[in-house]
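Enquirer: Sharing a structure below in structure tokens format, with a few things to ask.
Since every read-out is calculated from the coordinates, none of them should be taken as a lab result. All figures in this text were calculated on a predicted structure; none of them were measured in a lab. For neighbour counting, all protein chains shown are included, and Cβ atoms are generated from backbone atoms with ideal geometry for every residue, glycine included.
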Amino acid sequence: MREFKNKILGLIFIIFTLTGQAQSIKTVKDSLTNKPVPYVNIWVENEMIGTTSGENGEFHFSKSPSDKIIIFSSIGYKTKKVQYKDNLTTFYLTPDAIQLKEIVVTGDRKNNSVIIGDFKKSIVRHYFACSGYPYMTGKYFPYDESYAETPYLGKIEILTAIDIKDAKFNIRLYTMNESGIPDILIFNENILCTAKKGTNLTAVDISDKLVEIPRTGVLVAIEFLIIESNKHLYKYTLVNQKEKLEGISYEPKVGTIPTESGENSWQYNKGKWGRTTRATYLKLPEYKDKFTEAAVKLTLTN
């Protein structure tokens, strides 16, 4: 009997040990300042497992990816790959300075602006959502010679829908590399946005940053953040089933526009950019067999 009790106690100890390891809190810090780095997207290499560091740089995995390679990605820092060890508590990121083009400001001129990628909210009936794995969805805006009159990025507007009070997401701005893949950051700071409850155009104005649209075009990438304040629990049922199941999403959801071509619609998964595929799975007539493109529009200014 004593031997049986010892086995049970040993099993309980193992379970609590493993649970503690899986949920132990880790921290991401700047290697130069030793300050926490918030909103770092972190995932297991080649797997759909990931998370995001919070405002204080802390993060945890629901299940320990012990001995696997994990990847850290954050604007302003070099991407880091490291073998995950349960006994490691702090991970350091190295700042990555980007040489930006020098801006020459001339005398007074008349303020001009132009909107590109405009859309009607009424046509949006489908949304990109994040189920708990870090990824980005982006819309590419090719360059046009007419933009020379209004070369700077002003307002960025994204159609969002959320079921909680507020939700944070990040915007990254890329241009294309020589292979035509989004790869080169043109702005070395997070553009952190807060979406409000409901369906709204979430806007951010960066005109004061004097970010010029490259001649290779610009990709506006929406980066979902796997943080506790973005978590939304909901109930759903499967087709022909009565049992209610519980799901988790990380807000906000991002509206999509149906298009005939997917050449300007991109998604970032497992450390790689790729174009979205045709939405054969959607039953909505407006979207059936079409491509889906993030509902994003830009205001360019001079």
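Enquirer: Which one, Thr276, Thr33, Thr150, has the greatest fluctuation when you compute a Gaussian network model over the chain with C-alpha springs under 10 angstrom?
Expert: In this elastic network of the chain, the residue with the biggest mean-square fluctuation among Thr276, Thr33, Thr150 is Thr33.
Enquirer: Separate question: In nm, to one decimal, how far is the modelled label at Glu243 from the one at Thr277, with both set 7 Å along Cα→Cβ?
Expert: Placing both labels 7 Å along Cα→Cβ, they lie 2.8 nm apart.
Enquirer: Projected area of the range 204-302, taken from the Cα convex hull and averaged over every viewing direction, in nm²? Could you put the intermediate results ahead of the total?
Expert: Numbers: hull surface 38.6 nm².
Answer in nm², one decimal: 9.6.
Enquirer: For the chain, find the longest principal axis of its Cα atoms and tell me its angle to the long axis of helix 2-22, 0 to 90°, nearest 10.
Expert: Helix 2-22 and the main axis of the chain meet at about 10 degrees.
Enquirer: What residues from the range 24-43 fall in the zone where the backbone N is under 14 Å from a label point 7 Å along the Cα-to-C-beta line of Ile69?
Expert: Under cut-off, by backbone N: 43.
Enquirer: Largest first and in whole Å, what are the equivalent-ellipsoid semi-axes of the chain based on the Cα gyration tensor, each being the root of 5 times an eigenvalue? Could the numbers behind the result be given before it?
Expert: On the way: eigenvalues 300, 133, 53 Å².
In descending order, the three semi-axes are 39, 26, 16 Å.
Enquirer: While we're looking at this one, here's another question. Specify whether the C-alpha gyration tensor of the range 143-186 places it in the rounded, prolate or oblate class, a ≥ b ≥ c being the square roots of the eigenvalues: rounded for a/c under 1.5, otherwise prolate if a/b is larger than b/c and oblate if not.
Expert: Working: a/c = 3.20, a/b = 1.65, b/c = 1.94.
Note, shape of the range 143-186 comes out oblate.
Enquirer: For the residue pair Ser229 and Lys165, what label-to-label distance in nm results when each label sits 7 Å from Cα along the Cα-to-beta-carbon direction?
Expert: It works out to 1.0 nm between the two label points.
Enquirer: Still on this structure: Nothing charged except the Cβ atoms of Lys and Arg (+1) and of Asp and Glu (-1): what's the magnitude of the dipole of the chain about its Cα centre? Round to the nearest 20 debye. Intermediate results must be reported in sequence, preceding the final value.
Expert: On the way: 40 positive and 34 negative charges, 233 e Å.
Taking the Cα centre of the chain as origin, the dipole is about 1120 debye.
Enquirer: Once you have the Cα-Cα distance between Asp96 and Glu58, take 0.36 nm times their residue separation minus that, and quote the gain in nm to one decimal. Kindly include the intermediate steps, with their values, before the conclusion.
Expert: Working: separation 38, 0.36 × 38 = 13.68 nm, distance 2.09 nm.
Contour length minus Cα-Cα distance gives 11.6 nm.
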